[in-house]
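Worksheet for the structure shown next.
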Protein chains: 2
Amino acid sequence: MVGRDEPRAGELKVAEPIATDAGLVFIGRIHTPWAERLGCPRQGREDGPTCRIEVFEPWVAALDGITAFERLEVLYWLHKSRRDIVKQCPKSDGVAYGAFALRTPVRPNPIATQLVKLERVEGPNVFVRGLDCLDGTPLIDLKPDRCLFTPLAPKQAGDV
Amino acid sequence: MVGRDEPRAGELKVAEPIATDAGLVFIGRIHTPWAERLGCPRQGREDGPTCRIEVFEPWVAALDGITAFERLEVLYWLHKSRRDIVKQCPKSDGVAYGAFALRTPVRPNPIATQLVKLERVEGPNVFVRGLDCLDGTPLIDLKPDRCLFTPLAPKQAGDV
């Protein structure tokens, strides 16, 4: 869906959602080699270029300890994506798929999740490989890859 | 961090963020057996209880084709979480970690991502195993697990 603005034949459009149920704060900005949507990769690769995730204040202290993890999960906001096409034709051939059956950027809440390889951290800058997004993409969250993480907090009732 | 409201000794608190950079629409609600934060599991398990993800209109059509995937990625909004503690002590022992080095619900944008096993879809209801969230948690997104998904759209410049 990257790079497209108009619905295609066979797609199902709904009203643009009123998106006021919760609010996000952009906690940083992602710097990549890709300045245009049509130039981005469809999926990031761990042997792709090193990209720089810049974390804004007051969130830089939240990076403390992150270098313990070889891979991170990155959440970012797909700020160029429309949000109102629920059935989409990725091949432009009239065959439609639900947005939740695709990893398209066009979704009611255009949030991407990506697993990346952590290269290094320098102050507020986190250098990683594996991204596929536009230069200037707003950052929403960073987490350790769930496969590398064990909760530090004590177990509670739901843990059986 | 589940179940706590007050900062603990050794933690670093910042001002509550002004979260108006982007807006979310809650596209559904998650029904689980856990009515209290202290009763939730710390992490979901694929042999855990079946939970029901209820998708609201007009987004139900976006489920079309989702049963092709054995596992889904679920994004949800941790509506009970505070957003202002950047260094946290999960063991309450004074040893602090950055929020981005933890998978704590307490983060500037309290969005959880979880991989779940898809059991079945009945109309607007998606039945899955592997969740760990409170009953009534707002749904933000559903995607195919990235490991099971290959882009359908043609390659573009960034794909080398």
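The values are calculated or read from the model by the stated rules, or taken from the named source; none is laboratory data. Keep in mind that what you see is a predicted model, and the values were worked out from it rather than measured. Counting neighbours? That spans all protein chains shown, and the Cβs are built from the backbone with ideal geometry, glycine included. What goes into the accessible areas is simple: the full protein's heavy atoms, side chains included, and nothing from ligands, DNA or RNA. Shrake-Rupley method; radii C 1.70, N 1.55, O 1.52, S 1.80 Å.
General remarks:
Table: residues versus (1) surrounded by 16 or more Cβ atoms within 10 Å (Cβ to Cβ); (2) touching a residue at least 40 places away in the same chain (Cβ under 8 Å); (3) under 18 Å from A:Arg120 (Cβ atoms); (4) not aliphatic (A, V, I, L, M).
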residue: A:Glu6; (1), (2), (3), (4): no, no, no, yes
residue: A:Pro17; (1), (2), (3), (4): yes, yes, no, yes
residue: A:Val25; (1), (2), (3), (4): yes, no, no, no
residue: A:Glu46; (1), (2), (3), (4): no, yes, yes, yes
residue: A:Phe69; (1), (2), (3), (4): yes, yes, yes, yes
residue: A:Leu72; (1), (2), (3), (4): yes, yes, yes, no
residue: A:Tyr76; (1), (2), (3), (4): yes, yes, no, yes
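- Per the conditions (1) touching a residue at least 12 places away in the same chain (Cβ under 8 Å); (2) crowded, with 23+ Cβ neighbours inside 10 Å; (3) within 16 Å of the chain's Cα centre (by Cα), the sole criterion not satisfied by B:Phe100 is (1).
- A count restricted to the range A:48-63 and to residues that are open to solvent by 40 Å² or more (accessible area, probe 1.4 Å), in contact with a strand residue (DSSP E or B) (Cβ under 8 Å, 6 or more places away or on another chain) and within 12 Å of A:Pro124 (Cβ to Cβ) stands at 4.
- Selection within the range B:114-158 - without any contact (Cβ under 8 Å) to a residue 12 or more places away in the chain, of a type outside the set (S, T, N, Q) and either surrounded by 16 or more Cβ atoms within 10 Å (Cβ to Cβ) or not in a loop (DSSP other than H, G, I, E, B) (or both): B:Glu122, B:Pro151, B:Leu152, B:Ala153, B:Gly158
- Candidate set from the range A:107-160 (those that are of a type in the set (S, T, N, Q) and at the interface with chain B (Cβ under 7 Å from one of its Cβ atoms)); member that is nearest to the chain's Cα centre (by Cα): A:Thr113
- Whichever residue in the range B:59-73 is under 12 Å from A:Ala99 (Cα atoms) and under 21 Å from the mean Cα position of the chain (by Cα) and, among such residues, is farthest from the other protein chains (Cβ to nearest Cβ): B:Val60
- As for the range A:140-153, it holds no residue that is in contact with a Lys or Arg (Cβ under 6 Å, 6 or more places away or on another chain) and more than 17 Å from B:Gly98 (Cα to Cα).
- The lone exception for B:Glu11 - which of (1) open to solvent by 50 Å² or more (accessible area, probe 1.4 Å); (2) more than 9 Å from every other protein chain (Cβ to nearest Cβ); (3) of a type in the set (D, E, K, R) it fails: (1)
- Count - residues of the range A:27-44 that are under 30 Å from B:Ser81 (Cα atoms) and open to solvent by 30 Å² or more (accessible area, probe 1.4 Å): 2
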